[in-house]
Amino acid sequence: MRRLKKTLQSSETKDAASTAAGALKQALGIFSGVAGNLGVPGVQIGVSVLSTLLDLVQKSHANTESINDLAKKVGDLTTAMEECTKIYGQNIPGPMQARLGRLFS
C-alpha cells in the first residue's frame, strides 16, 4: 500500500510539474509578444532564450523517463533470464532462444 501511495504521489508531482511547465511556456509566449512592443533592449530575446531553455528541460525530462523505463525493462528481462536458467539450466528451450536471437540481432 505504501508503494502504491508513493507511486501516486510521484505521478501527481509529475503531472503538476508538467502543468506548471505548460503554463509557463504559454506565459512566456504571451510575454514575448508584449516584450517586442516595450522598447526595452534585450527583453524579447531574453524571453525567447527562457522559452528555449524550458523546451530543452522538458525534452531532457522526457529522455530521463524513457531511460528509466528502458532500465526497468532490462531489469525485467534479466530476471526472466535468471528464472529460465534456474529452471532449464543451460538447456534453454528453442522458442526462448529464438526470442533472444531476435532481441539481440
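The numbers here are math on the coordinates, done by the rules we state, and not lab data. Since we're looking at a predicted model, the values are computed, not measured. All Cβ positions, glycine included, derive from the backbone under ideal geometry; neighbour counts span all protein chains shown.
Before moving on, here are some points about what is shown:
- GNM flexibility winner over the chain from 28, 53, 38 (Cα, springs under 10 Å): 38
- Considering only 89, 46, 36, the Gaussian network model of the chain with Cα springs below 10 Å gives its largest mean-square fluctuation to 89.
- Value at 222 nm in deg cm²/dmol, rounded to 500, when DSSP H runs of n ≥ 4 in the chain each add -39,500 (n - 2.57): -32500 deg cm²/dmol
- Measuring r between the beta carbons of residue 76 and residue 23 and using R0 = 35 Å, the FRET efficiency lands at 0.45.
- GNM flexibility winner over the chain from 94, 29, 42 (Cα, springs under 10 Å): 94
- More than 15 Å apart - percent of Cα-Cα pairs taken over the range 30-78: 61 percent
- For the range 51-95, a Kirkwood hydrodynamic radius built from all Cα pairs, placed in the Stokes-Einstein relation at 20 °C and 1.002 mPa s, yields a translational diffusion coefficient of 164 µm²/s.
- Here, the range 2-104 has an Rg and a Dmax of 23.8, 76 Å when only alpha carbons are counted.
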